[in-house]
Amino acid sequence: MHSFKRHLTGLTGLSVMVASVGVLALPLSSDNWASPPHWSYAGESGPSHWSAMDPRFVACGQGKAQSPIDLESRDAKSGKAGEFHIDYEKGAVALVNNGHTVQANVSDAKDTVVFDGDTYRLSQFHFHAPSEHVTDGTRFPLEIHFVNEDGKKRVAVVGVMVKLGKPNESLAPVLKSLPATETEKSTNASPPVTVDLASVLPHNHKAYVYTGSLTTPPCTEGVHWIVLTEPIQMSSDQIATFTRLFPDNHRPLQKANGREIDNESD
Ligand SMILES: [Zn+2]
């Protein structure tokens, strides 16, 4: 069992644009919120209970554009080329175990995603086991989420599937340094790890593009998802370095509710 802190961590710590924020004058920074309840991936605090655990989590149960979803290429429409562009570089990341995943915090401002003409900066990436999205019926051993935010705190997430295969040299420095126990938020004690993010991504940036939500409470909607169709590879030993810590941290599939899925490449 993992211990969980009673404050927002990881993806839930993102301040994401809330539709009614202007009217209700909610604090944009989640750090100002009262402690949310403990949530997890199983049992009484698992995904089917998230929405009932806190009024702020209501979208997890009542949202109509939730993530993850089943992505079928036969349903995907061809998007216009150049609607997104991912430009990641080599840089230092700080690894944090937040009780829900291992997250690599990125402080460089160089890593960007341009989506619909808007620039999003990479704030962190983290892992899910097994994959949350399913593509053409395939669930992968891991999925990596690269979380990018624009100046208005809107979120675009690049999803990268990981299949069993050759050792991944680009991610090796990260996988060797995964913090085994929950890290205090205030102490990024582990030394920074240098990772070449450009070489982590697959060569082909063809993607499923759709609008969904955070896959963790508060499940906020309006997230631009760019799920790359080409998986990257990791060895079974590398996959195990994560699954030993988090054997299952995936949210079940959500209903597509007629949402449009586009096939795009950058
Ligand atoms: Zn995620």
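Answer yes if at least one residue in the stretch 216-237 is away from the ligand (no atom under 16 Å from the Cβ), surrounded by fewer than 15 Cβ atoms within 10 Å (Cβ to Cβ) and over 19 Å from the mean Cα position of the chain (by Cα), and no otherwise. Yes, the conditions are met somewhere in the stretch 216-237.
Filtered by the rule that a residue be free of Cβ contacts under 8 Å to residues at least 60 places away in the same chain, within 17 Å of residue 239 (Cβ to Cβ) and charged (D, E, K, R), the stretch 104-138 gives no residues. Of the residues making up the stretch 7-14, none is buried (at least 18 other Cβ atoms within 10 Å of the Cβ), of a type outside the set (Phe, Trp, Tyr) and either at pLDDT 50 or above or under 24 Å from residue 136 (Cα atoms) (or both).
Residues that are surrounded by 15 or more Cβ atoms within 10 Å (Cβ to Cβ) and away from the ligand (no atom under 15 Å from the Cβ): find the strands (runs of 3 or more DSSP E) completely inside the stretch 81-190 holding 2 or more of those. Don't jump to the end; show me each part of the working.
Details: elements: 84-87, 90-97, 102-106, 112-115, 118-128, 142-149, 155-164.
Strands (runs of 3 or more DSSP E) meeting the threshold: 84-87, 90-97, 112-115, 118-128.
Is one or more of the residues making up the stretch 208-215 modelled with pLDDT of 95 or more, in a loop (DSSP other than H, G, I, E, B) and over 17 Å from residue 162 (Cα atoms)? There is at least one residue in the stretch 208-215 that is modelled with pLDDT of 95 or more, in a loop (DSSP other than H, G, I, E, B) and over 17 Å from residue 162 (Cα atoms).
I'd like to check something: does the stretch 35-44 contain any residue that is surrounded by 15 or more Cβ atoms within 10 Å (Cβ to Cβ) and at pLDDT below 50? I'd like the intermediate steps shown before the answer.
Quick first cut of the stretch 35-44, residues surrounded by 15 or more Cβ atoms within 10 Å (Cβ to Cβ) only: 36-37, 39-41.
Subset that is at pLDDT below 50: none.
Scanning the stretch 35-44, I find no residue that is surrounded by 15 or more Cβ atoms within 10 Å (Cβ to Cβ) and at pLDDT below 50, so the answer is no.
Only residues that are under 18 Å from the mean Cα position of the chain (by Cα) and farther than 22 Å from residue 265 by Cβ were counted in the stretch 155-178, giving 4.
Sub-6 Å Cβ pairs linking a first residue in the stretch 139-165 that is free of Cβ contacts under 8 Å to residues at least 24 places away in the same chain to a second residue that is small (Gly, Ala, Ser) and within 16 Å of the ligand (Cβ to nearest atom), at least 6 apart or interchain, are 139/131, ordered by first then second residue.
The values are calculated or read from the model by the stated rules, or taken from the named source; none is laboratory data. Please read these numbers as outputs of a predicted model, since none were measured by experiment. All Cβ positions, glycine included, derive from the backbone under ideal geometry; neighbour counts span all protein chains shown.
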